[in-house]
Amino acid sequence: MDGRRVAVVGAGAVGATAAHDLATRGDEVWLFDAGTVASGASGRAAGVCYDAFAEDVDAVVAERALARFRELDAEGGFDWSFTDHPYVWLAREGDGGRAEAIREQVPRMRAHGRRVDLLDGDALRAEFPALRADIEVAAVARDAGYADPGSYTRAMADRAVDAGVRLREGTPVALAAPANDGAETAATPRLRVGGESRAFDTVVVAAGAHTARLLGDAGLPVPVKPYRVQAAVTAATPLADRVPQLYDATGGYYCRPREDGLLVGDGTEPIERDPDDWREAADGWFLDDCADHLRDAVGTAPAVERAWAGLCTATPDGDPLLGERAPDVVVAAGWQGHGFMRAPALGERIARGIHDGDWCRPFDPARFDGDESFDIVEGMLVGE
């Protein structure tokens with residue numbers, strides 16, 4: 001299968017990584033994006049990265065992603081970096097259901113070789129004195145870190161171009177269902193680009209919130225729904241050096257150091273959104289909630305300097321779609337907010353899947369018909 005002609009639709013973290021990895025295998029790769037590199041979800045992501053998953057496939061993919069983040073960072077030559085930093089998720093006093101869920105998760109994660117510690121509130125405060133004291137139980141993932149998603153994605157796109165990928169920004173495309181070109185010619189997927197029909201050996205659709213529409217218009221429905229999330233970054237604060245990456249399961253928010261301030265995320269709206277018509281600015285109620293979240297976490301609320309919204313994608317079972325939706329038409333979507341943290345491994349898996357048939361079986365799109373009705377559930381919930 002060497003030397004395939006491959007189109008990757010979507011220059012986000014997963015698409016840019018896949019394009020790079022395919023090109024290094026000798027493929028002729030075209031990377032299309034209707035906007036610019038990292039202009040979608042990847043440029044608006046939080047950048048939290050960890051391997052603390054209780055399911056075996058998730059744990060393996062996350063472990064590989066972290067290892068590759070570090071490998072790519074060590075290579076240097078591009079304007080991004082990976083910072084090792086522990087990840088904590090916790091339940092507060094009186095939240096027995098989530099506390100019990102955390103206690104149940106940790107042994108399952110350890111069974112998959114994850115370096116995760118279970119701490120009571122006193123032990124957590126001893127390690128992270130900046131955190132407030134009303135904590136019932138917490139888990140600490142030691143193998144974790146963060147990166148700037150936009151910088152990583154642009155760096156991988158640059159690496160891809162250096163490897164021979166033809167990057168086409170500002171180029172919307174449409175997918176036609178695979179069709180026979182003649183009695184002696186195998187069916188090949190086609191893209192319509194600027195009014196021209198182009199044939200490829202393989203098309204990878206990694207277009208984030210637009211994935212379902214692109215595939216659906218080609219008669220290949222997938223159960224992927226975009227939903228809106230929000231994040232903000234505070235002004236500089238000395239707390240940035242003393243706070244772990246944190247998910248407060250009781251409060252339903254997360255935060256991490258970013259630059260010299262804190263990034264705070266919440267504002268998930270479990271409502272399907274039109275990927276071409278949604279509010280990109282943060283809401284006033286979310287900014288108010290950010291101050292409450294920070295006071296809950298560390299007892300003070302530095303001023304918010306900037307805030308935004310983005311679109312994540314959900315699937316019926318919370319697992320992504322990664323594999324062939326039709327012969328030589330690959331879908332890579334439905335990350336439930338975990339796409340960036342797994343992008344180095346997912347891009348690699350796409351290249352392996354196309355060349356070697358080595359897909360993640362639990363993520364096989366064939367487990368769905370494509371027209372399933374389902375409610376959106378955010379990806380970070382604990383105990384619900």
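Yes or no: residue 306 exposed (fewer than 13 other Cβ atoms within 10 Å of the Cβ) and either in a strand (DSSP E or B) or in contact with a helix residue (DSSP H, G or I) (Cβ under 6 Å, 6 or more places away or on another chain) (or both)?
Yes, satisfied.
State which residue is nearest to residue 379 (Cα to Cα) when the search covers only segment 266-283 and only residues that are modelled with pLDDT of 95 or more and of a type in the set (Gly, Ala, Ser).
For segment 266-283, the residue satisfying everything is 282.
Among the residues of segment 65-96, which ones are touching a strand residue (DSSP E or B) at 6+ places or on another chain (Cβ under 7 Å) and among the charged types (D, E, K, R)?
Within segment 65-96, 70, 73, 84, 92, 93, 95 meet the criteria.
I want to confirm something. Restricting to segment 107-126 and keeping residues that are part of a strand (DSSP E or B) and among the acidic types (Asp, Glu), which single residue is surrounded by the fewest Cβ atoms within 10 Å (Cβ to Cβ)?
Restricting to residues being part of a strand (DSSP E or B) and among the acidic types (Asp, Glu), the top hit is 120.
Which ones in segment 127-149 are part of a helix (DSSP H, G or I) and over 17 Å from residue 68 (Cα atoms)?
127 - this is the single residue of segment 127-149 that is part of a helix (DSSP H, G or I) and over 17 Å from residue 68 (Cα atoms).
Looking at (1) part of a strand (DSSP E or B); (2) surrounded by fewer than 24 Cβ atoms within 10 Å (Cβ to Cβ); (3) within 23 Å of the chain's Cα centre (by Cα); (4) in the same structural domain as residue 173 (by TED's automatic domain parsing), can you tell me which one residue 203 breaks?
Tallying (1) part of a strand (DSSP E or B); (2) surrounded by fewer than 24 Cβ atoms within 10 Å (Cβ to Cβ); (3) within 23 Å of the chain's Cα centre (by Cα); (4) in the same structural domain as residue 173 (by TED's automatic domain parsing), residue 203 fails exactly one: (2).
Kindly list, by first and then second residue, each pair from a residue in segment 139-156 that is among the aromatic types (Phe, Trp, Tyr) to a residue that is part of a loop (DSSP other than H, G, I, E, B), limited to pairs with Cβ atoms under 6 Å and residues at least 6 apart or on different chains.
146/47; 146/85; 152/80
Which strands (runs of 3 or more DSSP E) sit wholly inside segment 17-106 and have at least 1 residues that are crowded, with 24+ Cβ neighbours inside 10 Å?
Once the strands (runs of 3 or more DSSP E) in segment 17-106 are filtered for at least 1 residues that are crowded, with 24+ Cβ neighbours inside 10 Å, what remains is 28-32, 48-50, 87-92.
Just one of (1) within 19 Å of the chain's Cα centre (by Cα); (2) modelled with pLDDT under 95 trips up residue 75, so point out which.
For residue 75, the exception is condition (1).
Residue by residue through segment 56-66, note down the ones that are farther than 16 Å from residue 145 by Cβ and in contact with a Pro (Cβ under 8 Å, 6 or more places away or on another chain).
Correct list: 57 only.
Of all residues in segment 1-16 being in contact (Cβ under 8 Å) with a residue 60 or more places away in the chain and surrounded by fewer than 24 Cβ atoms within 10 Å (Cβ to Cβ), which is farthest from residue 157 (Cα to Cα)?
The qualifying residue farthest from residue 157 (Cα to Cα) is 1.
What is the residue count in segment 316-348 for residues that are within 18 Å of residue 41 (Cα to Cα) and in a strand (DSSP E or B)?
Of the residues in that region, 5 qualify.
The values are calculated or read from the model by the stated rules, or taken from the named source; none is laboratory data. Since we're looking at a predicted model, the values are computed, not measured. When we count neighbours, we look across all protein chains shown, and the Cβ atoms used for this are built from the backbone with ideal geometry, even at glycine.
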